[in-house]
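To keep things clear, I will list the structure first and then write my remarks on it.
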Amino acid sequence: MPEPGYYGRFGGAFIPEILVATFDELREAFESARNDPAFWREFEEMMSTYSCRPTPITFAENLTADFGGARIFVKREDLNHTGAHKANNVMGQGLLVKRMGKTRVIAETGAGQHGVATATMAAKLGLECTIYMGEVDVARQRPNVFWMERLGATVVPVTEGSRTLKDAINEAFRDWVTNMDDTHYALGTACGPHPFPEMVSYFQSIVGQEAREQIQASAGKLPDRVYACVGGGSNALGIFSAFLEDDGVELIGVEAGGRGAGIGQHAARLGLDDATVGVAQGYKTYFLQNAEGQMQETHSVAAGLDYVGVSPILADLHEKGRVRFESATDTEVVDALSLTVRREGLIPALESSHAFAHAFKEAPQMSPDEVILINQSGRGDKDIFTVADAFDDPKWKAFIQEKAEAYRG
Amino acid sequence: MASASLEQYIRERRREKDILLMTHIVLGYPSFEASIQVIDAMVENGVDLIELQIPFSEPIADGPVILHANQKALAGGSTVAQCFDVARAVCARHPIPMLFMSYYNIPFMHGIEAFARDSADAGIRGAIIPDLPHEEGAEMLEAMAGHDLDPIFIYSPNTSDARMSAIAERGRGFVYCVARKGVTGASTDFGGLDEYLGRCRAATSLPLALGFGVSNADDVAALVGKVDIAVIGSETIRVIDERGVDAVGEFVAGLR
């Protein structure tokens, strides 16, 4: 019998004493909610009336024909309110916050999607909200910062460490150890101390539950391969969870290959060989760290994948051989995004485009009888600045220059 | 002094002083030479125990002052191997107990048994690992016990009575009582501690240390009769930042 909160040798709760009581409270609240059938119904009701659940799956007919291999289907998490799967976890934790009677939520954000989703939930449920965001990410995701602030959240730029997602998580914990009496920390991914990996996966499992039924209805069979991008791992666990028992379904997690192999160049913990097992941010998993245990810089074109650690649940599934891990480089990702936009009229987020990029590599080698399911975890409109830069779009640059001139006036 | 246990040392020292002082430094901040100089000044000015923090890139329980010191030490190239070297040097030349403080990934990556062995070889007497609750610490505790190193556990104001007792069974040397919620380095109101410290005393017969927000002679005086050890953490680093390494001796001398 494994210890609670452990997945194989990964997971655990490496937390300062001051937070032990808070985690006890959270674990109990989550257990009680999970054992109450009315809670999941309330969650589904909220997600079908406030967000866009069930999100459809779309047959990517043109790409299927282009590649001449497996039939490609796309699970449309981009159609959620606020534009990504993040809403599932956030609304679920929001309902839990109400059950716990807390009045304030805090969250970390990388790309800004989880921050926007949390600020939206706080506005809807009447909670105070503070979002911690690395200064680097604030600079590259201004539109999301704008919306968080309009939604009433206080956005705190984090100037410590590498000034990205991991540092935002550290700052959120520092807030929480001070304000835990009225505050819940709505961690955005299936990482961190127990029960977060389990709880976030639980809320995201709605993605896989829907997708499993939908793909059988649309494709007439279970998928042969399911692809999802992996930052912390919540969208991947969401869609994979429904297929874990199906031996014929291969599950593929695609990490950020950034500029290629070598520590500091990417954010692939399991798909490349640069990460080792360590303990940080409250849990044990593979981290991009040096031999003495200091976390190293990571890089990805997609802020939401730019993280040193990975869900302990995925680390275990990797070790057991149940999930295969791959990585896609920045260039491959931008190409895949471009192709998907032009051929299917879908705009995947840069994060999600990692899953597309790797699926496109494998699809041509597969037979037309086979079925691929890609999780489009979020929409790419938020990435307009990064994508425009990647395309070096002259009309976009001219527009920004004109806009800047107008503000200067 | 090596033969006396840490707990005996504290009790004997307490016969001479009404409160002991434990100070904290981040090894390699602002440099290893400065660390040694600061430790020398602390010992010369009567400090009774010193926490030597091995820098870590993700010090989640520390506030901005110690966080910056960790980051600057690492940016300056501070390594765990150098921390062991400095620890060995200061343990050899000073008669007071030195403890390591770090986050669990440091011993984990060093190798837990090797970390305990190397710490003991260097002359270190115990360790404080704030992100290692005893539930996760079986391997570390066993390795430390094997090398006669004392695990210093932490109590906080929201630790239940039952949990305090469970921790007391595993702790040795003394218990570090965190004065309040939050991270290191912010100020603390020491007026309302009696009920909490009463619970701490009831839970363990080990000596008690109190830290988080202890920054001057008034704070230390307020703790006399309440705990055995006052812990001055962030304030020494603040002194170094604002007044330089040379100011540490005078600051420490004025605390008691």
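Key figures for this structure:
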| read-out | value |
| --- | --- |
| In order through the stretch B:164-178: 3J(HN,Hα) via Karplus (6.51 cos²θ - 1.76 cosθ + 1.60), integer Hz, x for Gly, Pro | 4, 5, 4, 5, 4, 5, 9, x, 9, x, 6, 10, 8, 8, 7 |
| Efficiency of FRET from Cβ geometry, residue B:160 and residue A:50, R₀ 35 Å, rounded to 0.05 | 0.40 |
| Relative contact order, percent, the stretch A:17-146 [alpha-carbon distance under 8 Å, six or more residues apart] | 18 |
| Inter-site label distance for residue B:34 and residue A:401 at 7 Å from Cα along Cβ, in nm | 4.6 |
| Values of log10 I(q)/I(0), in the order q = 0.08 Å⁻¹, for the protein assembly as shown under a Debye, Cα-only, solvent-free model | -0.61 |
| Karplus 3J(HN,Hα) series, Hz, for the stretch B:36-52 with 6.51 cos²θ - 1.76 cosθ + 1.60 (x for Gly, Pro) | 5, 4, 5, 4, 4, 5, 5, 5, 4, 9, x, 5, 9, 8, 10, 8, 9 |
| R0 of 51 Å, Cβ-Cβ distance residue A:365-residue B:82: FRET efficiency to nearest 0.05 | 0.50 |
| Computed over chain A: relative contact order in percent, which uses C-alpha pairs under 8 Å that are six or more apart | 20 |
| In Hz, Karplus ³J(HN,Hα) per residue of the stretch A:357-362 (6.51, -1.76, 1.60; θ = phi - 60°; x = Gly, Pro) | 4, 6, 4, 5, 5, 8 |
| Nonlocal amide H pairs with residue A:134, under 5 Å, H built at 1.01 Å | A:109, A:158, A:168 |
| The stretch A:165-234, relative contact order in percent, only Cα pairs under 8 angstrom and at least six apart counted | 27 |
| Rg ratio (alpha-carbon, reference 2.2 N^0.38 Å) - the stretch B:6-253 | 0.93 |
| The stretch A:101-260 - Rg and Dmax from Cα coordinates, angstrom | 17.4, 53 |
| Residue A:7 long-range amide H proximity, modeled H, under 5 Å | A:12 |
| For the stretch A:1-143, the spread of Cα positions along each principal axis, largest first, Å | 57, 44, 33 |
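Quick note: the coordinates plus some simple rules give every number you see, no bench work behind them. Everything numeric in this text was worked out from a predicted model, so none of it was measured. Glycine also receives a Cβ, built like all others from the backbone with ideal geometry; neighbour counts cover every protein chain displayed.
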